[in-house]
């Protein structure tokens, strides 16, 4: 591994968060093959075979099948489904349910962790409680899908929609909204220099270094501005001085990590990794 001060010329061909697939297939993509059904990304197959029980081992494998397979999705919802809207339960009967594609139609989905140790939670087979969030930044709303694993099987047990300000991670969500929509604010909230890490597929090694804040514009990923997702594998989002934003694609062809740290009460981007 090499550490150096990276200039634009050094990394011009190593574009941050590119869709280029690395030589080594991600572990997540490999395990997901056990649950994957071959079908168009925008079509739910009501007749596809029920995924094997192996799909319940990891939540990531389960949710992939849940989003893609209509019959499987209905079988894994606890009807009538509790549906809390600003604290009031408006249960949904099975006949009212329409297939929910969640983030399976999106090019990327995002996750937010409160420290680096939590990054391993998605591969932890001991996780039995997961919440998937849709954060509507423009509408100041959050919709949560609460999944539980009972008797070795994942099931959607409730929905919860509430104001963004009532969410446990609201402070960071509000910061992120301004970070992606206000270029001056964004520039002022990037450490100078900031750490940068990328993978050199020609030499099969990671390159570590730093970039000047003015180089951010050349290597920044495309960050969603209006709606983001989050998969909470049990992290409590304590008032820690760290947040890690991960951008992924279902195909496994994209993986990008942005680390934010609180300095003097202000969130700052301190590391970009792809």
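Derivation of every value follows stated rules applied to the coordinates shown; laboratory data play no part. As the structure is a prediction and not an experimental result, all values here were calculated from the model. Positions of Cβ are backbone-derived with ideal geometry, glycine not excepted, and every protein chain shown enters the neighbour counts.
Observations
- Linear extension gain, residue 139 paired with residue 96, 0.36 nm per residue minus alpha-carbon span: 13.0 nm
- Available extension along the chain between residue 88 and residue 218 is 42.1 nm, counting 0.36 nm per residue and deducting the alpha carbon span.
- Pairwise FRET efficiency - residue 127 versus residue 192, Cβ, R0 = 51 Å, nearest 0.05: 0.85
- Cα-based shape type of the stretch 163-226, given that a ≥ b ≥ c are square roots of the gyration tensor eigenvalues and the cut on a/c is 1.5: prolate
- Subtracting the Cα-Cα distance of residue 74 and residue 251 from 0.36 nm times their residue separation leaves 61.3 nm of extension gain.
- Distance from the alpha carbon centroid of the stretch 174-217 to that of the stretch 240-274 works out to 9 angstrom.
- Prolate/oblate/rounded call for the stretch 188-274, Cα gyration tensor, a/c under 1.5 rounded: oblate
- Residues 147, 59, sorted so that the one with the fewest Cβ neighbours within 10 Å comes first: 147, 59
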